[in-house]
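Structure record follows, encoded as structure tokens.
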Amino acid sequence: VSQSAAKLPSKILELMDGFRASKALFVASKLKIFDHLKDKGPMKAVDIANDVGTSVCGTERLLDACASLGLLEKTPQGYSNTDSANTYLASDGKYSLHGYIIHSNDHLWPLFTNLESAVKEGSRQNHRAFGKKADDLFKDYYHSQEVKQRFMSAMHSIAHLTARDVATAFDLSQFKSACDLGGCTGALAHELVQVYPNLKVTVFDLPEVIANTSYFQPSGQHTAPVTFVSGDFFKDSLPEADLYILSRVLHDWPDEKIHVLLSKVSAVCRPGNALLVAETVLDEQKTHPSVAVLQSLSMTEGKQRSGSEYKQLLEKYGFTDVQIKITGNLLDVVLCFKKSLSL
Ligand code: SAM
């Protein structure tokens, strides 16, 4: 390494280029290049371009970019997927991140293009990115069938990746029934019934979501059924359960809404019932992990919290024995129990 190379600010140079790399991944995913190569690779650029309906020179540049980023392999026979592209980038696998990548391209990218205004104004930039007034976060997602499907696929893909670690972070075998509030497609619910065959799991989510869940159900699996119930967790009564789950829900909402939701969950819990929260737990300085810190830049009215902040929040609503498990996956897990009246 020459003296000048040793001094290169490589971290900064990498960040300066990060947006190009992200966009290359997004466009290759959007064009379903990883699906094509999973089925037919290795393939030459010209054949991929013909199949996908893109220019040969543009496709070749994109494929070379993907190869340089370690997403594809390039040999004299053509381009083929790496193992990780087959698992995570083709759209059909159990652990596919395709849904989240498309959400990142179509939704997060336009929002982050307006980050400067978001920081100046301290608010979400939906109106600038999509020409719409920033309303309830989920009303934005569910106004069209296409955006709703895209959002649900995004949630589904991350939930698949995290579900096993969330389900096994604590031994939940003492519980007979669980209700996953805002449980979306049921990805975590299905994992829970696999790990705990005696657990009955109800997924509770908005009617627009529940009406759309059939597309996401695992086929050919004879696991205990998961029940889907539609409702609004701020307004409607919650299904009965020994264990309530809030996975990636608390970080979306301002304190007033959290007050309504946690008051309701606490009121419906009997002593000894529990609440499991799955979120990325920040360190006490609130600068790591960066995946959660960067997510905050979307400027929803909610926020990411540290372990001590989750503990304080949950104790305020009558929960005790708060335990936190840092999983090493994208989501960590907080488990707490409803206080008995005598405590
Ligand atoms: N729990 C899932 C996960 O971890 O992948 C989904 C998380 S997603 C960020 C939040 C979920 O809360 C969505 O499925 C959304 O439809 C649901 N939700 C939002 N507002 C709701 C409400 N008022 N009542 C019930 N569910 C709601």
(message) Given the criteria open to solvent by 20 Å² or more (accessible area, probe 1.4 Å), within 15 Å of the ligand (Cβ to nearest atom) and not polar (S, T, N, Q), does ARG128 qualify?
(response) no
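Evaluate the following for GLU301: is it touching a Phe, Trp or Tyr at 6+ places or on another chain (Cβ under 7 Å), over 28 Å from TYR95 (Cβ atoms) and open to solvent by 40 Å² or more (accessible area, probe 1.4 Å)? Steps first, answer last, please.
On the way: touching a Phe, Trp or Tyr at 6+ places or on another chain (Cβ under 7 Å): yes; over 28 Å from TYR95 (Cβ atoms): yes; open to solvent by 40 Å² or more (accessible area, probe 1.4 Å): yes.
When the stated conditions are applied, GLU301 passes them.
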(request) Determine which single condition ASP39 fails, assuming it passes every other condition in (1) modelled with pLDDT under 95; (2) closer than 25 Å to ALA159 by Cα; (3) in a helix (DSSP H, G or I). (result) (2)
(request) Could you check how many residues of the stretch 71-85 are part of a helix (DSSP H, G or I) and surrounded by fewer than 18 Cβ atoms within 10 Å (Cβ to Cβ)? (result) 2
(request) Find all pairs meeting these conditions: Cβ atoms under 9 angstrom apart; at least six residues apart or on different chains; first residue within the stretch 303-325 and more than 16 Å from ILE258 (Cβ to Cβ) and modelled with pLDDT of 95 or more; second residue of a type in the set (A, V, I, L, M, F, W, C) and open to solvent by 30 Å² or more (accessible area, probe 1.4 Å). (result) GLY307/ILE324; GLY307/ILE326; THR320/PHE337; THR320/LEU343; ASP321/PHE337
(request) Output the residues belonging to the stretch 304-332 that are assigned to a helix (DSSP H, G or I) and open to solvent by 30 Å² or more (accessible area, probe 1.4 Å). (result) SER308, GLU309, LYS311, GLN312, GLU315, LYS316
(request) Provide a single number: the residues in the stretch 159-168 that are surrounded by 22 or more Cβ atoms within 10 Å (Cβ to Cβ) and farther than 16 Å from SER96 by Cα. (result) 2
(request) Tell me, please, whether a residue that is in contact with a helix residue (DSSP H, G or I) (Cβ under 7 Å, 6 or more places away or on another chain), part of a helix (DSSP H, G or I) and not hydroxyl-bearing (Ser, Thr, Tyr) can be found in the stretch 10-24. (result) yes
(message) I need every pair where a residue in the stretch 132-144 that is within 12 Å of the ligand (Cβ to nearest atom) has its Cβ under 6 Å from the Cβ of a residue that is in a loop (DSSP other than H, G, I, E, B) and modelled with pLDDT of 80 or more, sequence separation at least 6 or different chains.
(response) LEU137/THR300
(message) Can you pull out every residue in the stretch 215-272 that is assigned to a strand (DSSP E or B), in contact with a Ser or Thr (Cβ under 9 Å, 6 or more places away or on another chain) and of a type outside the set (Ser, Thr, Tyr)?
(response) VAL226, PHE228, VAL229, LEU243
(message) Take the residues in the stretch 173-201 that are in a strand (DSSP E or B) and away from the ligand (no atom under 12 Å from the Cβ); name whichever of them is most open to solvent (accessible area, probe 1.4 Å).
(response) LYS200
(message) List the residue pairs whose Cβ atoms are under 7 Å apart, where the first residue sits in the stretch 84-104 and is in contact (Cβ under 8 Å) with a residue 40 or more places away in the chain, the second is open to solvent by 20 Å² or more (accessible area, probe 1.4 Å) and assigned to a loop (DSSP other than H, G, I, E, B), and the two are 6 or more positions apart or on different chains.
(response) ALA85/LEU71; LEU89/LEU71; LEU89/LEU97; SER91/LYS32; HIS98/SER91
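Just need a number here: residues in the stretch 268-293 that are within 16 Å of the ligand (Cβ to nearest atom) and either aliphatic (A, V, I, L, M) or open to solvent by less than 10 Å² (accessible area, probe 1.4 Å) (or both).
Taking the stretch 268-293 as the starting set, the residues that turn out to be within 16 Å of the ligand (Cβ to nearest atom) are 268, 275-281, 291-292.
Subsequent filtering for residues that are either aliphatic (A, V, I, L, M) or open to solvent by less than 10 Å² (accessible area, probe 1.4 Å) (or both) retains 268, 275-279, 281, 291-292.
Residues in the stretch 268-293 being within 16 Å of the ligand (Cβ to nearest atom) and either aliphatic (A, V, I, L, M) or open to solvent by less than 10 Å² (accessible area, probe 1.4 Å) (or both): 9 in total.
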(request) Check ASP242, ASP205 and return the single one that is modelled with pLDDT of 95 or more, crowded, with 18+ Cβ neighbours inside 10 Å and within 11 Å of the ligand (Cβ to nearest atom). (result) ASP205
(message) Here are the criteria: (1) out of contact with any Cys (no Cβ under 9 Å at 6 or more places or on another chain); (2) part of a helix (DSSP H, G or I). Tell me which single one ALA49 does not satisfy.
(response) (1)
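Please pick out the residue among SER68, SER96, SER117 that is in contact with a helix residue (DSSP H, G or I) (Cβ under 7 Å, 6 or more places away or on another chain) and surrounded by fewer than 18 Cβ atoms within 10 Å (Cβ to Cβ).
Values: SER68 fails: in contact with a helix residue (DSSP H, G or I) (Cβ under 7 Å, 6 or more places away or on another chain); SER96 fails: surrounded by fewer than 18 Cβ atoms within 10 Å (Cβ to Cβ).
It is SER117.
The values are calculated or read from the model by the stated rules, or taken from the named source; none is laboratory data. In this text the structure is predicted, and so the values were computed from the model without any measurement. All Cβ positions, glycine included, derive from the backbone under ideal geometry; neighbour counts span all protein chains shown. Surface accessibility is based on the protein's heavy atoms, side chains included, excluding ligands, DNA and RNA. Shrake-Rupley method; radii C 1.70, N 1.55, O 1.52, S 1.80 Å.
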